[in-house]
Amino acid sequence: MAKEKLIVLYGGRSAEREVSVMSATNVVKSVDYARFSVQTVFIASDGDFYRGELFDAVPDAPLLDNASALANRKISPALLTELGDVVFPVLHGPQGEDGSIQGFLEILKMPYAGPGILSAAATMDKLVSKEIFAQIGIPQVPYVGITDGVISDEKIAEINEKLTYPVFVKPANMGSSVGISKVNTAQELLSALTEAAKFDSRIVVEEGLINPREVETGALGNGDAVEIAGPGEVANSGNFYDYDEKYKNDALTIDVPAHLPEDVAAAIRAYAAQAYKAVAGTGLSRCDFFIERATGAIYLNEINAIPGFTAFSMYPLLWENRGLTVREQITRFVELGKARFAERERHLAN
Ligand SMILES: Nc1ncnc2c1ncn2[C@@H]1O[C@H](COP(=O)(O)OP(=O)(O)O)[C@@H](O)[C@H]1O
Ligand SMILES: [Mg+2]
């Protein structure tokens, strides 16, 4: 049987480009080469697509991450249809996990691994996702949303009235803590809002928990058939687990599974499944929670549609702990993507 050609799409325009390169490196190392050959396609920071290497076995050289030397490899994005059978967008952040690349692949009529347009778009926007989680009654910290980039006196008054400091100010559509600040007093609020507004006109301001435990679960499956692995805990995250800490701090440790009583772990998995279904989850996602140390209260923080997939990332570790190797995880992502593609084609044909 001829091998299936898997396109691994990585890099991208977002600030999380470097993480994408690390995640894609792990994917390319772990793929089942008895079943797949891998065509890499790199998206440079300006959004241009470049044809990378074609691998039939685990590569020993690092993946392309500087497109400038390879100007002759620039391709039209639509050429993906000729380069492979199925795509795994290993992209994080805006234009990678917000539904745009997913929509493009649907227009190209290509099956792809990972979340579909709706779940990617809904979970990328922290405000939309919070409103959905509120609808289905999943506990979250109190929050106030700004939807038009306007930092009015009325909004500031509303924040001061509804929330207790410290608060976190977050652009709705970023990721990896870009543009996020922790605000300890009302005096610092305006500058934090102004900073967040540079990144997005939609902003979430939420009540801050004091040094909460941070636990994360791995969702795998299409829709109601989802299974949840974990939770695992991100330990030593300090008070504010920011972009550099997430990827560069050696002190950060990952505990899989998290040391929690089984009923607490089960409650977290149940919330994760509920939240994933509510955002029309498909393929995979990581659902992240806080546990308040003083009270033990559980709060859903966010869903990451395409979570970090490096050799040290929570998602692959959670599923390895459940007995699924990284190789098997990738094969499963592809199978789930193909199943969803077949279903969509059936619906479109009617
Ligand atoms: N309400 C909160 N209370 C306490 N810590 C928070 C809160 N919101 C965010 N944080 C801290 O900031 C980090 C990044 O926030 P998060 O909403 O997860 O954004 P990102 O999309 O960048 O991952 C969290 O992992 C946590 O360490
Ligand atoms: Mg997060």
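What follows draws every value from the coordinates through simple rules; no lab data is involved. This one's a predicted model, so the numbers in the text were calculated from it and none came from an experiment. FYI the Cβ positions are ideal-geometry reconstructions off the backbone, even for glycines, and counts take in every protein chain you see.
Of the two radii for region 196-350, the radius of gyration is 1.00 times the Kirkwood radius, both from the alpha carbons; that is the Rg over Rh value. Pick from Glu328, Glu158, Glu16 the residue whose mean-square fluctuation is largest in a GNM of the chain, springs joining Cα atoms under 10 Å. Judging by the Gaussian network model, the answer is Glu158.
Using Cα springs under 10 Å in a Gaussian network model of the chain, which residue among Ser14, Ser76, Ser129 shows the largest mean-square fluctuation? Maximum among the listed residues: Ser76. What percent antiparallel are the DSSP beta bridges of the chain, to the nearest 5? If we restrict to bridges inside the chain, about 75 percent are antiparallel. Partner aspartates and glutamates whose Cα lies under 18 Å from the Cα of Lys109, excluding those fewer than 8 positions away in the same chain, are identified as Glu4, Glu82, Asp85, Glu335, Glu343, Glu345.
Partner aspartates and glutamates whose Cα lies under 16 Å from the Cα of Lys277, excluding those fewer than 8 positions away in the same chain, are identified as Glu131, Asp224, Glu227, Asp288, Glu302. Computed with the Debye formula from one identical point scatterer per Cα of the chain, without solvent, the log10 of I(q)/I(0) at q = 0.11 Å⁻¹ comes to -0.73. For the chain, excluding the exposed loop sites themselves (chymotrypsin sites (Phe, Trp or Tyr not before Pro), DSSP loop, at most 16 other Cβ atoms within 10 Å), the longest remaining stretch covers 34-239.
Here's the list of lysines a cross-link from Lys155 could span, going by alpha-carbon distance under 22 Å and ignoring same-chain residues fewer than 8 apart: Lys126, Lys130, Lys170, Lys182, Lys198. Taking amide H positions as modeled 1.01 Å from N, with prolines and chain starts lacking one, the residues under 5 Å from Gln39 and 5 or more places away or on another chain are Leu6, Ile7, Val8, Phe55.
Roughly how many Å is it from the Cα centre of region 161-224 to that of region 42-65, as a whole number? Using only Cα atoms to place each centre, the spacing works out to 33 Å.
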